[in-house]
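What follows is a short report on a single structure.
All of the numbers you see were taken from the coordinates with simple rules; none came from a lab. Bear in mind the structure is a predicted one, so any value in this text is a computation, not a measurement. Here the Cβ positions follow ideal geometry from the backbone for every residue, glycine too, while neighbour counts run over all protein chains shown.
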Amino acid sequence: MVKPRNPSHLGFLGMRPSSDKWSSRMSSELQLAALLCSRICHDLISPISALNNGLEVLEEDNDPEMREHALSLLSLSGRQASIKLQFARLAYGSSSAAAEDIDLTDAHANLADLLDGGRFELIWDVPAQTLKNDLVKILMNFIVIATEAIPRGGKITVTVSSEHGNTIMRVAAKGEAAQIKDETRKALEGKLDVDALDARLVQPYYAGLLVRSCDGRLSLDQIDNTEVALCIEA
């Protein structure tokens, strides 16, 4: 009689992995997906928690002033959650077809809402046009990196142009002590192992994967101590 195999030695759905290399690759991909999910959850936790707080006040407090405050909190938090979800869809999500073109007007509207009333001024020097889905993802992710390069606030200038059939996108961040951190640079350039990533570094790492998937040419420029720029030609 043939002795049954030990299930603990089998992979997903009872299939034995073909090699340690396959197993390692799957582990890295799952870890990357988990970190990206953590990043999105981190971005959404604040407005979602505020929504919950507002609902609790409505359930427990009959004071008209408190209820009015709770309704205002619900309205503001709901809008913030919607804006951040829309950003996540554009920056990390997938359309029905990977090559589908995205209207940059939608990206501009979302970014304007995302940065509205904060420390950053968005300067959008981009003609009306559509871009491939992955290029729009890169643009949205460059904006995140730009905001982190000037944590005290400043101006973020976006330009998009075409040259010799290629699309050139540039995001410049101008503000006090502007700097792209070394770890962020390494993540963008694919010089960090997945094991070295966390919920913050997974975002530039993902942006770098997108750049390379488009056969894009990436440049990171420290113009002076008040301005940095990210540029891709693809």
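The table that follows gives values for the structure above.
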{"quantity": "Rel. contact order, % - alpha carbon contacts under 8 angstrom, at least six apart, the stretch 20-85", "calculated": "36"}
{"quantity": "Candidate aspartates and glutamates - alpha carbon under 14 Å from K191, same-chain residues fewer than 8 apart omitted", "calculated": "D182, E183"}
{"quantity": "Net charge of neighbours whose Cβ lies under 13 Å from the Cβ of H164, counting Lys and Arg as +1 and Asp and Glu as -1", "calculated": "-1"}
{"quantity": "Exposure proxy ranking, count of Cβ atoms within 10 Å, fewest first, for E59, E29", "calculated": "E59, E29"}
{"quantity": "Residue-averaged [θ]222 nm for the chain, counting only DSSP H segments that reach four residues, each worth -39500 (n - 2.57)", "calculated": "-17500 deg cm²/dmol"}
{"quantity": "Theoretical gain in end-to-end length, L76 to R152 [0.36 nm per residue, Cα-Cα removed]", "calculated": "25.0 nm"}
{"quantity": "Span-like helix ranges in the chain, DSSP H, alpha carbon extent 30 angstrom or more, Kyte mean at least -0.5", "calculated": "20-60, 64-92"}
{"quantity": "Point-charge dipole on Cβ atoms (K/R +1, D/E -1) for the chain, about Cα centre, debye to 20", "calculated": "1220"}
{"quantity": "Local electrostatic count at A207 - Lys and Arg +1, Asp and Glu -1, tallied over other residues with Cβ under 11 Å", "calculated": "0"}
{"quantity": "Neighbour net charge for N53 - beta-carbon separation under 14 angstrom, K R +1, D E -1", "calculated": "-3"}
